[in-house]
Amino acid sequence: MIDLGLTGRRAIVTGAGYIQERAGHGRYTALQLASAGASVACVDIDAGRAERIVAEIAEAGGKAFPVVADVRDRAQVTRAFDEAVAQLGGVDVCVDIVGLATWNSVLDISPQEWNDQLAENLTHVFSVWQEAARRMVAQGGGGSLVALASVDATVAAAFHAAYGAAKAGIISLAKTFAHELGRHGIRANAVAPGNVGSGNMNQPAGEYAVNGINPLAAPRAIDIANAVLYLCSDLAARTTGQTLLVEGGATTAELWGVEESMLPALRKGLP
């Protein structure tokens, strides 16, 4: 059995609660970290959601406790970390899941919407990572920082301009935190999900290329959580400043619309 090196590690997951109509990245991430042996502080803006994921982890035999906070508020970030670290005894792993996209044309995005999207998807990541990193440096022993970016940060983000720009900022933050904090043994990475939907977990196993977007299959929330788990684990002990795309191959699409049926004509006249 492979040892992920997470037994006894102290993890903080922001956005750990589960919202029914959404993918559940925080829920699956908290469950995976706990199943790997970490003790998990489950931070969520909603007390009920935080308590439900803690109960789910406990039922599975893991260790967790709830922390209620809105991490878009810097004062609450500090208070949440004070509370979490008091119970954990320190922090070795910090995963930020919080984020929300809005849809609008680049011609119609208002200054308020732009600022809100940056606050919702980027600014709080800096606050959370900074708070975690300061404590990791003080306690010594290194640590792992992970946040969710998006494939919209790596390609055109049609009608998602503010969201895509914010998520691209996370990719940059991962590189900068990694560069500055590597000397403390702290790693910083991001996971960029593709078109994860709440129904993707129900897709039949072994069915591939069922749509025109994913040449493999649409990613599931558990796939995102497994990518986070890897980056938090000792398997990624020398991986930092990286963004792991989990998108079912969506970004591999070629540009010119060449299909297999066109090959005979394309090859005509070749030796």
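The relative contact order of the chain comes to 18 percent, based on Cα pairs under 8 Å that sit 6 or more residues apart.
The sum of -39500 (n - 2.57) across all DSSP H runs of n ≥ 4, divided by the residue count of the chain, sets its helix-only mean residue ellipticity at 222 nm to -11500 deg cm²/dmol.
With R₀ fixed at 45 Å, the C-beta to C-beta distance from Ala55 to Lys268 puts the FRET efficiency at about 0.10.
With a simple spin-label model that places each label point 7 Å from the Cα along the Cα-to-Cβ direction, the separation between Thr102 and Ala205 comes to 4.2 nm. Taking only the C-alpha atoms of segment 10-251, the Rg (one decimal) and the largest Cα-Cα distance, Dmax (whole number), read 17.1, 51 Å. Excluding Asp234 itself, calculate the net charge of residues whose Cβ lies under 12 Å from the Cβ of Asp234, where each Lys or Arg counts +1 and each Asp or Glu counts -1. In short, +1. What shape does segment 183-244 have by the C-alpha gyration tensor, where a ≥ b ≥ c are the square roots of the eigenvalues, rounded means a/c under 1.5, and otherwise prolate means a/b greater than b/c and oblate the rest? In terms of gyration-tensor shape, prolate.
Of the three principal axes defined by the Cα atoms of segment 149-271, the extents in descending order read 60, 37, 33 Å. When the Cα positions of Ala119, Ala80, Ile109 are compared along the charge dipole of segment 77-139, Ala80 comes out farthest toward the positive end, with charges on each C-beta of Lys, Arg, Asp and Glu.
Evaluated at 20 °C with a viscosity of 1.002 mPa s, what Stokes-Einstein diffusion coefficient in µm²/s does segment 1-111 have when Rh comes from the Kirkwood expression over alpha-carbon pairs? The diffusion coefficient I find is 148 µm²/s. On full extension, the segment bounded by Ala237 and Thr252 gains 2.7 nm, given 0.36 nm per residue less the C-alpha separation.
Here, each number is a calculation from the coordinates, and none is a lab measurement. Small disclaimer: the values here were computed from a predicted structure and weren't measured. Counting neighbours? That spans all protein chains shown, and the Cβs are built from the backbone with ideal geometry, glycine included.
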